[in-house]
1. Output the residues belonging to region 41-55 that are outside any loop (DSSP other than H, G, I, E, B) and surrounded by 11 or more Cβ atoms within 10 Å (Cβ to Cβ).
2. Check off (1) within 10 Å of the chain's Cα centre (by Cα); (2) on the phi > 0 side of the Ramachandran plot for residue 50 and give me the number that stays unchecked.
3. When residues of region 9-40 are filtered for being assigned to a strand (DSSP E or B) and surrounded by 14 or more Cβ atoms within 10 Å (Cβ to Cβ), how many remain?
Amino acid sequence: MTDGVIDGDWEYRPLRLPPGVSRLTAATQLSIHAEFAGWELSNVRLYSDGTRKIWLRRKRRASPLPGLIT
């Protein structure tokens, strides 16, 4: 995964899945991102070669206090 983009209250992160990934595998991977990291589906593009480009988003978290270990 590459670096994300911050836009207002939302943080976005792209995810690219190669052509050989089944819909079930893609759905499972997205579910894991949602369950354990708080991401939700924002946009999906399916290209003619079978590659999927997915944008995930989540609400930005307030930055922790300086010196606070989280």
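Only the coordinates and a few stated rules stand behind these numbers; no lab work does. The shown structure was predicted, so the numbers you read here are calculated from the model rather than taken from an experiment. Note that each Cβ is placed from the backbone with ideal geometry, even for glycine, and that neighbours are counted across all protein chains shown.
1. 41, 42, 43, 44, 46, 52, 53, 54, 55
2. Answer for residue 50: the failing condition is (1).
3. 7
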